[in-house]
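Trainee: Please read through the structure below; I'll follow up with questions.
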Amino acid sequence: MSTAVTGVKSPSLTDVLNKQVANWSVLYIKLHHYHWYVTGPHFYTLHEKFEELYNEAFSNIDLIAERIRVFGMTPLSLIKDYLEHSTIKEVGTDLDSKSMVKEVLRDFEILAENMNECAEKVSELGDTATEDMLISFIKTLESNHWMLTSFNK
């Protein structure tokens, strides 16, 4: 039975989910930045893809934050907190399009590793609803990683 239904509240659950909020939030900002600043022969393709990815990131942030609220806990919501808790880091403004894609691929790998760890943690806590949400994110992330890897060859 889901943690929310059983009433189990775990600070460690909130911590791992807030790390996801932080990671997705930093990625969201980076993707938005790339959307605005991409140039070169693949401008239109990447401009559109970065927009698709930042919209997806925004949706994931919202779903994770709302999941935290389900437990009566507080999601991170300040940029300084995102930067403090995120394992995804900011980059400069001087990247070319190929470097932007490489950076996104690296961030996807970080996210996948962190989300798998998070899914294991919520599974241990018996929270199947959150685990299912994370597995859905992981599947989409893996597909996006494959597509960008193929693009960048």
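Computed from the coordinates by the stated procedures, all read-outs in this text should not be read as laboratory data. Everything numeric here is computed off the predicted structure, so don't read it as measured data. Using ideal geometry, Cβ is built from the backbone for each residue, glycine included, and neighbour counts are taken over all protein chains shown.
Trainee: With a cut-off of 8 Å between alpha carbons and a minimum separation of six or more residues, what is the relative contact order of segment 22-96 in percent?
Mentor: 47 percent
Trainee: Taking segment 32-153, how many lysine pairs are there with alpha carbons less than 26 Å apart, if each pair must be eight or more places apart or span two chains?
Mentor: Here the count comes out as 19.
Trainee: If I compute Cα Rg over 2.2 N^0.38 Å from the structure I just sent, which labelled value in [x] 1.02; [y] 0.96; [z] 1.08 lines up?
Mentor: [z]
Trainee: If you don't mind, another one. State, as an integer percentage, the relative contact order of the chain based on alpha-carbon contacts under 8 Å between residues 6 or more apart.
Mentor: On the way: 160 pairs, mean separation 49.1, N = 153.
Taking the mean separation of contacting Cα pairs over the length of the chain, I get 32 percent.
Trainee: So how tilted is helix 97-124 from the main axis of the chain? Cα-based, degrees 0 to 90, rounded to 10.
Mentor: 10 degrees
Trainee: Still on this structure: Report the Cα-based extents of segment 46-95 along its three principal axes, largest first, to the nearest Å.
Mentor: Here the spans come out as 40, 24, 14 Å, largest first.
Trainee: Okay, next question. I'd like the distance between the alpha-carbon centres of segment 7-48 and segment 137-153, rounded to an integer number of Å.
Mentor: 15 Å
Trainee: Taking H as built 1.01 Å from N, whose amide H comes closer than 5 Å to the amide H of residue 42, not counting residues under 5 places away?
Mentor: For residue 42, whose amide H was placed from the backbone, there are no distant partners under 5 Å.
Trainee: Please give, to one decimal in nm, the separation of the simple spin-label points placed at residue 62 and residue 12, each 7 Å out from Cα toward the Cβ.
Mentor: Result: 3.2 nm between the two label points.
Trainee: Tell me the angle of helix 11-37 to the major Cα principal axis of the chain, expressed in degrees between 0 and 90 and rounded to the nearest ten.
Mentor: 20 degrees
Trainee: Once the Cα atoms of helix 128-151 and of the chain are each reduced to a long axis, what angle between those two axes, in degrees from 0 to 90 to the nearest 10, is obtained?
Mentor: Value to nearest ten degrees: 10.
Trainee: Moving on to the next point. For every helix of n ≥ 4 consecutive DSSP H residues, a contribution of -39,500 (n - 2.57) applies; sum these over the chain, divide by its total residues, and give [θ] at 222 nm rounded to the nearest 500 deg cm²/dmol.
Mentor: Value at 222 nm, helices only, nearest 500: -26500 deg cm²/dmol.
Trainee: Let me ask another. Using a basic spin-label model with each label point 7 Å from the Cα along Cα→Cβ, how many nm lie between residue 77 and residue 102?
Mentor: 3.9 nm
Trainee: Report the calculated FRET efficiency for residue 84 and residue 44 (r = Cβ-Cβ distance, R0 = 30 Å), to the nearest 0.05. Intermediate results must be reported in sequence, preceding the final value.
Mentor: Numbers: r = 36 Å, r/R0 = 1.19.
The pair residue 84/residue 44 has a calculated efficiency of 0.25.
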